[in-house]
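J.: Have a look at this one.
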Amino acid sequence: MCELACPDEDARFILVGDYIDRGPDSRGVIDFLIRRQSDQEGRFICLRGNHEEMLVRAAGRHRADRDLMSWWGNGGERTLDSYGADDPSDLPAEHLAWLRRLPLVHKDRHRLFVHAGIRPGVPLSLQSQEDLLWIREPFLSSADDHGLLVVHGHTPVRSGRPDLRANRLNLDTGACFGGPLSAAAFSSSRRGPVMFATSLGDIVRL
């Protein structure tokens, strides 16, 4: 897809979080991402989602009961099953260390990539981790120009198609509810996407 969209550019892959909990093979996903980052250094940028944050808290030394319950109640048991583990602290040390190192944001000339969104009117340097990982409103209804196109997930789009607006792009098309997994391809020469693709094999040129 990237070669089709921008044949004269080297592809870089930016993932906006939530690699665990919602599917049958969380361990396999993490193994895949760690391997790709190792084999193709600098080409795979993996951001932290709220599910990775919940797991990190649940596996922490000073976790509270609510940290465990919050993660278990949001798909954590499926992740434990994929590892054959009973407690999040028993997950491979390499995987936990990788999860703890995941950055919250990535930006380029035209775009800001983040899991959930940003709080409108607040400079990026002052955004809270809570908002970057969890925000919905007032971000989703804001028409403010954030300076960069905000590319995010976190909130499933009811239509099952990417939601492209003047100030943001939501790529969460409800894969956890049976919808497709969606991706966007960008060029360095323009702000908006040049192509969408889904796990169903659909490709839409823009």
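J.: Wholly within the stretch 7-109, which helices (runs of 4 or more DSSP H) include no fewer than the required count, namely at least 2 residues that are open to solvent by less than 80 Å² (accessible area, probe 1.4 Å) and of a type in the set (A, V, I, L, M, F, W, C)?
T.: Numbers: elements: 26-39, 50-58, 65-71, 77-83, 93-101.
Answer list for the stretch 7-109: 26-39, 50-58, 65-71, 93-101.
J.: Testing Arg109 on (1) over 26 Å from Ser188 (Cα atoms); (2) over 18 Å from the mean Cα position of the chain (by Cα), one condition comes back false. Which one is that?
T.: The failed condition is (1).
J.: If you scan the stretch 77-101, which residues turn out to be in contact with a Leu (Cβ under 9 Å, 6 or more places away or on another chain) and either under 21 Å from Leu132 (Cα atoms) or hydrophobic (A, V, I, L, M, F, W, C) (or both)? Working first, answer last.
T.: Initial filter on the stretch 77-101 (in contact with a Leu (Cβ under 9 Å, 6 or more places away or on another chain)): 79-80, 83, 85-91, 96, 98-99.
Within the stretch 77-101, Leu80, Ala85, Leu91, Leu96, Trp98, Leu99 meet the criteria.
J.: Please go through the stretch 144-162 and pick out each residue that is surrounded by 15 or more Cβ atoms within 10 Å (Cβ to Cβ) and closer than 20 Å to His106 by Cα. Let's see the steps before the verdict.
T.: Taking the stretch 144-162 first, the residues surrounded by 15 or more Cβ atoms within 10 Å (Cβ to Cβ) are 146, 148-157, 160-162.
If the condition is that a residue be surrounded by 15 or more Cβ atoms within 10 Å (Cβ to Cβ) and closer than 20 Å to His106 by Cα, then His146, Leu148, Leu149, Val150, Val151, His152, Gly153, His154, Thr155, Pro162 are the ones that fit.
J.: Which of the residues that make up the stretch 163-179 are surrounded by fewer than 17 Cβ atoms within 10 Å (Cβ to Cβ) and in a loop (DSSP other than H, G, I, E, B)?
T.: Arg165, Ala166, Asn167, Gly178
J.: So for the stretch 192-202 (the condition being open to solvent by 30 Å² or more (accessible area, probe 1.4 Å) and part of a strand (DSSP E or B)), does at least one residue qualify?
T.: For the stretch 192-202, residues open to solvent by 30 Å² or more (accessible area, probe 1.4 Å) and part of a strand (DSSP E or B): present.
J.: Say whether the condition of being over 17 Å from the mean Cα position of the chain (by Cα), at pLDDT 95 or above and either of a type outside the set (S, T, N, Q) or farther than 19 Å from Cys46 by Cα (or both) is met by at least one residue in the stretch 177-185. Step through it out loud before you land on a result.
T.: Taking the stretch 177-185 as the starting set, the residues that turn out to be over 17 Å from the mean Cα position of the chain (by Cα) are 178.
Pick out the ones that are also at pLDDT 95 or above and you get none.
Scanning the stretch 177-185, I find no residue that is over 17 Å from the mean Cα position of the chain (by Cα), at pLDDT 95 or above and either of a type outside the set (S, T, N, Q) or farther than 19 Å from Cys46 by Cα (or both), so the answer is no.
J.: On to the next question. Could you list all residues from the stretch 111-143 that are loosely packed, with under 14 Cβ neighbours inside 10 Å and charged (D, E, K, R)?
T.: Here is the first cut: in the stretch 111-143, the ones loosely packed, with under 14 Cβ neighbours inside 10 Å are 121-123, 125-126, 128-130, 136-138, 141, 143.
Answer for the stretch 111-143, where residues must be loosely packed, with under 14 Cβ neighbours inside 10 Å and charged (D, E, K, R): Glu130, Arg136, Glu137.
J.: Please work out which one of (1) charged (D, E, K, R); (2) part of a loop (DSSP other than H, G, I, E, B); (3) under 25 Å from Met54 (Cα atoms); (4) at pLDDT 95 or above is the condition Glu130 fails and give its number.
T.: (2)
The values are calculated or read from the model by the stated rules, or taken from the named source; none is laboratory data. None of the values given here were measured: they were computed from a predicted structure. As a convention, Cβ positions derive from the backbone with ideal geometry for all residues, glycine included, and neighbour counts pool all protein chains shown. Heavy atoms of the whole protein, side chains included, go into the accessibility calculation; ligands, DNA and RNA do not. Shrake-Rupley method; radii C 1.70, N 1.55, O 1.52, S 1.80 Å.
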